[in-house]
């Protein structure tokens with residue numbers, strides 16, 4: 001499960017930010033995990049819940065995960081639509097099965113609240 005190593009990297013990044021800003025506690029972390037990022041949100045959350053209590057900086061930190069929509073473009077009819085769910089099987093308008101995704105592949109640390 002590569003999500004565990006991603007969480008370890010996040011924890012290291014948060015520790016570095018805390019040292020840089022002379023903070024001692026993380027209150028809240030907001031992550032954006034795109035549906036096409038290859039990251040399983042439940043596994044990432046599990047990893048955070050398993051590892052964060054072991055770090056005094058993150059002991060009581062709250063993790064918020066936002067899932068942005070993916071825009072799909074149909075090359076046949078040029079229809080564009082968004083979804084945060086699974087990849088659509090076909091275009092809503094012309095039933096074309098080849099759809100071109102745009103966005104939704106990011107893993108971003110959006111906001112950190114510290115004290």
- Message: Anything in region 50-81 that is under 16 Å from residue 8 (Cβ atoms) and in contact with a strand residue (DSSP E or B) (Cβ under 8 Å, 6 or more places away or on another chain)? List them, or say none.
- Response: 52, 57, 58, 61, 63
- Query: List the pairs whose first member sits in region 104-115 and is on the phi > 0 side of the Ramachandran plot and in contact (Cβ under 8 Å) with a residue 40 or more places away in the chain, whose second member is assigned to a strand (DSSP E or B) and surrounded by 15 or more Cβ atoms within 10 Å (Cβ to Cβ), and whose Cβ atoms are under 6 Å apart, counting only residues at least 6 apart or on separate chains?
  - Reply: 104/70
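Here, each number is a calculation from the coordinates, and none is a lab measurement. Remember, predicted model here, so these are calculated numbers, not experimental data. Virtual Cβ from ideal backbone geometry, glycine too; neighbours counted across all protein chains shown.
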